[in-house]
1. Label point 7 Å out from residue 134 along Cα-to-Cβ: which residues of region 166-206 have amide N under 14 Å?
2. Using R₀ = 25 Å, calculate the FRET efficiency as 1/(1 + (r/R₀)^6) where r is the Cβ-Cβ separation of residue 226 and residue 159; round to 0.05.
3. Given the Cα-Cα distance of residue 115 and residue 218 and 0.36 nm per residue of separation, how much length would full extension add, in nm?
4. Run the quick spin-label model on residue 73 and residue 103: label points 7 Å from Cα toward the beta carbon, then report their separation in nm to one decimal.
5. Using Cβ counts within 10 Å as a stand-in for footprinting exposure, how do 42, 69 rank, fewest first?
Amino acid sequence: MNIKPKLNPLLHASMLFALAGSAAFAAEPGPASWADANKSMDYDTFMQAAKSSFPYATPEEFKLRVENDPTLKTCNATMDQPNAAQSAEIIKFEQARIQYPKDGKMVGDWQQGEKWAKGTTGGRIGFADADNPNLPSGSNCFACHVMIPGFPGGNMGPSLVGYGKRGQSPAILKYTYDHVYDSKSIVPCTIMPRYGGQGHLLTASQVADIVALLTDPQSPVNQPEKTAAK
Ligand code: HEC
């Protein structure tokens, strides 16, 4: 597939949200909520912006991007605070979509896992300049987590440095695999993306490689922090 970069004359949806938000925040006395701030964005304007943001998407791909599945519908409707019954429903739905590697091994190769965890390509079928489809998908865990001592990471998620202290029992491997493959099967409306499966970023074997990165005693995640030279 040959993808020609094309400059997109329209703003994409997230930028429109940002602009709508800041314009509303400049007004006094200010909106009561995010929803109030975005009331001025009508459906047609939103769809036009979204469509222009995904110029290469087939209709099916576009539908996947703008239509919420049952989990996201509940999370959106409850501002990420589902009640107990809704949480149970989400967990059941998400657990059912987890697929395990064909060979049954939930732990793969940590060196490959480091590549997938650091990789930032894949998934962006939108924007003016689509990803090179020949590059493997990565997951950019470091956007939210500190994972490897000395390698920068974000703080939206907890630090995963030294994760391997939990060991590699079958229960820990399954918990880790499930959390990376489908975080919402464990924490229903977590902001952590669901990485595994059809239409998502990572294959089952890539998830197993990331499980190795987190749990293998040899992996850089589990090396002692180097102390700065005096
Ligand atoms: C958008 C931010 C974000 C990204 C990207 C992200 N995570 Fe998370 N992650 C979180 C948050 C927030 C939590 C805590 C809530 C939860 O458990 O989901 C979390 C929790 C976890 C946990 C459970 C922590 C524990 O102590 O049991 C693991 C394991 C994990 N993430 C691994 C990863 C890996 C591996 C990647 C990349 C494949 C990744 N995360 C990408 C936000 C993120």
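Nothing in this text is a laboratory measurement; each read-out follows from the coordinates by a stated rule. What you see is a predicted model; the values in this text were computed from it and never measured. Here the Cβ positions follow ideal geometry from the backbone for every residue, glycine too, while neighbour counts run over all protein chains shown.
1. Backbone N within reach: none found.
2. Details: r = 16 Å, r/R0 = 0.64.
E between residue 226 and residue 159, to the nearest 0.05, is 0.95.
3. Values: separation 103, 0.36 × 103 = 37.08 nm, distance 1.53 nm.
Fully extending the segment from residue 115 to residue 218 adds 35.5 nm.
4. According to this spin-label approximation, the distance is 4.0 nm.
5. Working: 42 9, 69 13.
Least to most surrounded, the residues fall as 42, 69.
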